[in-house]
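For reference, the structure is listed below as structure tokens.
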Amino acid sequence: IRDCIFFENDDFIIARKPGGLVSEEDPVGSKNLRYMLYRYVRETYPWKKRAICQLAHRLDKPVAGLIICAKKPSILKNLQQQFYHREVKKHYLAVIAGVPEVKAATLRQFIKKSQSEFRALPATELEADAREAILNYRVLAENESHSLLQVELMTGKFHQIRFQLSYMGWPIWNDEWYSGKKVNNENRIGLYSFAVAFSDPKTGEPREFISCPPLDQQPWDLFGDAI
């Protein structure tokens, strides 16, 4: 678990979740990042009896990258409020199939979550369960068949980035769930949470953390120079 810890102080941990690992507990009892961090905190600081270990947000199982874990209830509450008010900035790198003609744009769509299929679906504004999904993207590099995008997530909806890019005809590398070509059997896709910025819950000062994906690993090795 120490390899997953990108930054730590008395209030929170910035963890680097591998693709294929569940963020937190699920109904089938999968190995998950939150419990691994909880065990780490308990074993490393046994005298801190009131310490907690709760995620302020989540990443899909096949998505890798930075995630915030609060170590105190007051810190968790503050971070959750920042997420609620959309004050936390989240940026992703995505390797997609295809080359967008428009190199930078905002995507706005209404989507809904299908409980039976466990996927995001297109929706109309008038549907009761519809939610507006907004993201900004910019093409950083491209080759004949793939592109590297920087994505700024403006709303945190279920499977939002994966759905919106696929809906545009640009499925994410190895994301078979959203029309991507299956490249290998690993449960990870070409989507990486590389930057997160928020206000320090104690001081109010801006904090920003940036991490590169593993450049010796597919699909990031396609665009190592650009990253």
What distance in nm lies between label points placed 7 Å from Cα along the C-beta direction at Arg50 and Arg119? 4.8
Karplus-derived HN-Hα couplings along region 54-60 (A = 6.51, B = -1.76, C = 1.60, θ = phi - 60°), whole Hz, x at Gly and Pro: 10, 6, 7, 7, 9, 10, 4
Amide H neighbours of Glu24 at under 5 Å, excluding residues fewer than 5 places away on the same chain, with H built from the backbone geometry, are Leu33, Arg34
Calculate, for Glu127 and Arg58, the FRET efficiency according to 1/(1 + (r/R0)^6) with r their C-beta to C-beta distance and R0 22 Å; round to the nearest 0.05. 0.35
Expressed to one decimal in nm², the mean projection of the alpha carbon convex hull of region 125-181 is 4.5
Calculate the dipole size of the chain relative to its Cα centre from +1 charges on Lys and Arg beta carbons and -1 charges on Asp and Glu beta carbons; express the result in debye to the nearest 20. 920
Calculated [θ] (222 nm, deg cm²/dmol) that DSSP helices of n ≥ 4 give over the chain, each run adding -39,500 (n - 2.57): -4000 deg cm²/dmol
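Where the accessible area of the chain is counted over protein heavy atoms with a 1.4 Å probe, how much of it, in %, is carbon and sulfur?
Roughly 49 percent, rounded to a whole number.
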Unit charges on C-beta of K, R, D, E only; dipole of region 142-204, Debye: 220
Cα radius of gyration and Dmax for the chain (Å): 17.8, 57
Set Lys49/Lys71; Lys49/Lys77; Lys17/Lys89; Lys71/Lys112 screened for pairs whose C-alpha atoms are more than 21 Å apart: Lys71/Lys112
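Defining a contact as two alpha carbons under 8 Å apart and six or more residues distant in sequence, what relative contact order in percent does region 23-174 show? Write down the numbers at each step before the final one.
Values: 244 pairs, mean separation 29.5, N = 152.
Value for region 23-174: 19 percent.
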Output the 0 to 90 degree angle, nearest 10, between the alpha-carbon long axis of helix 73-84 and the longest principal axis computed from the alpha carbons of the chain. 20
Which residues' amide hydrogens lie under 5 Å from the amide hydrogen of Ala105, considering only partners 5 or more residues apart or on another chain, with H built in the peptide plane? Tyr137
Could you pull out every residue, at least 5 positions away or on a different chain, whose amide H is within less than 5 Å of the one on Leu140? Hs are placed 1.01 Å off N in the peptide plane, and Pro or chain starts have none. Leu148, Leu149, Gln150
I'd like to check one number: the per residue accessible area of the chain, probe 1.4 Å, reported in Å² as a whole number. 53
Between Lys182 and Asn9, the FRET efficiency computed from the C-beta separation at R0 = 25 Å comes out, to the nearest 0.05, as 0.05
Explain nothing, just the number: relative contact order of region 172-223, from Cα pairs under 8 Å at least 6 residues apart, as a whole percent. 25
Expressed as a whole number of Å, what is the distance separating the alpha-carbon centroids of region 45-121 and region 195-227? 13
Of Gly98, Trp177, Ser30, farthest towards positive along the dipole that unit charges on Lys, Arg, Asp, Glu beta carbons give the chain: Ser30
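The values are calculated or read from the model by the stated rules, or taken from the named source; none is laboratory data. Given the structure is predicted, the values throughout are model-derived calculations rather than measurements. For neighbour counting, all protein chains shown are included, and Cβ atoms are generated from backbone atoms with ideal geometry for every residue, glycine included. With ligands, DNA and RNA removed, areas are computed over all heavy atoms of the protein, side chains included. Shrake-Rupley method; radii C 1.70, N 1.55, O 1.52, S 1.80 Å.
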